[in-house]
Amino acid sequence: MILDRLVNIFIFVFTVCAVISCFRNDGRWDLKTGLQALRYFTILSNLFAGIASLLILITLPFSPYWIWFIKYIAACSVTVTFLTVMLFLGPSFGYKALLSGKDFYLHLCGPLLTLLSFVFLERFYALPFVTSLLGVIPVIVYGLVYLFEVVIAGRWDDFYGYNRSGKWPVSMVAMYLGGFLVCVIVRVLYNL
């Protein structure tokens, strides 16, 4: 229980620090830059994980089901972030840029700590298969927002490259199936 508390404190504190740093630009506070950072799934999924870790901390050792379930969904979300960086964005944009500064925490350290803490330290309830379907909700919602903002409204650049050559349908299906697969794998690892 002590290790779980320490890991969740670490996740919460480092997430807060990483997100706050998004609001700094050239040594000054910049609200516009910070708010723009909130359009990235990386930031949103890590924020979600930080909040879930705080909720777990507040309610340990007897976290209620709904808080524990939020941690499961957050763990799945940041695992999607980690795998997207490692398997898709890293080869496209280079790992050095994606794993330096605060991005080292947001793309690698935070997601892995959240996943490992959920799978190995927070064994509160059984995970039925239906949770895998619910765990992919953040990926589905973000995918729809990204589709609207990039393809339909044209307000965002295609910063993830999911619409290269107009292939957004393939990207969406891949992300939804990949997100579901992540939820299934996290569920299986947890239930071992």
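By Kyte-Doolittle mean hydropathy of at least 1.0 and Cα axial length of at least 24 Å, which whole DSSP H helices of the chain are selected?
Taking the DSSP H segments of the chain (at least 24 Å long, mean hydropathy at least 1.0), we get 2-21, 41-59, 65-84, 168-191.
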Give me log10 I(q)/I(0) at q = 0.19 Å⁻¹ for the chain, Debye formula, one equal scatterer per alpha-carbon, no solvent.
-1.37
Under a 1.4 Å probe, what is the accessible area of region 32-140 per residue, stated in Å²?
44
Using a cut-off of under 20 Å, list every residue of region 87-103 whose amide N is near the label point 7 Å from the Cα of residue 13 along the Cα-to-beta-carbon line.
101-103
How much length, in nm to one decimal, is gained on full extension between residue 30 and residue 157, taken as 0.36 nm per residue of separation minus their Cα-Cα distance?
43.7 nm
Return the long-range amide H neighbours of residue 25 (sequence gap of 5 or more, or a different chain), with a cut-off of under 5 Å between placed amide H atoms.
30
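Round to a whole number: what % of the accessible area of the chain belongs to carbon and sulfur, probe 1.4 Å?
Answer for the chain is 75 percent, counting heavy atoms of protein chains only.
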Place a +1 charge on the Cβ of each Lys and Arg in the chain and a -1 charge on the Cβ of each Asp and Glu, then give the dipole magnitude about the Cα centre in debye, rounded to the nearest 20.
40
Expressed in angstrom and rounded, the centroid-to-centroid distance over alpha carbons for region 20-42 and region 95-133 is 23
Here the gain from full extension of residue 60 to residue 137, 0.36 nm per residue of separation minus their alpha-carbon distance, amounts to 25.2 nm
Over region 1-43 - Rg/Rh using Cα atoms and the Kirkwood inverse-distance radius:
1.15
Just to be sure I understand the model, the point goes 7 Å from the Cα along the line to the Cβ. What's the resulting residue 104 to residue 192 distance in nm?
2.8
Hits in region 116-141: amide N under 18 Å from the 7 Å Cα→Cβ extension of residue 6, namely 116-123
Efficiency by 1/(1 + (r/R0)^6): what FRET value for residue 123 and residue 23, r their Cβ-Cβ distance, R0 = 35 Å, to the nearest 0.05?
0.45
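The values are calculated or read from the model by the stated rules, or taken from the named source; none is laboratory data. Everything quoted here is computed from the prediction, not taken from an experiment. Virtual Cβ from ideal backbone geometry, glycine too; neighbours counted across all protein chains shown. What goes into the accessible areas is simple: the full protein's heavy atoms, side chains included, and nothing from ligands, DNA or RNA. Shrake-Rupley method; radii C 1.70, N 1.55, O 1.52, S 1.80 Å.
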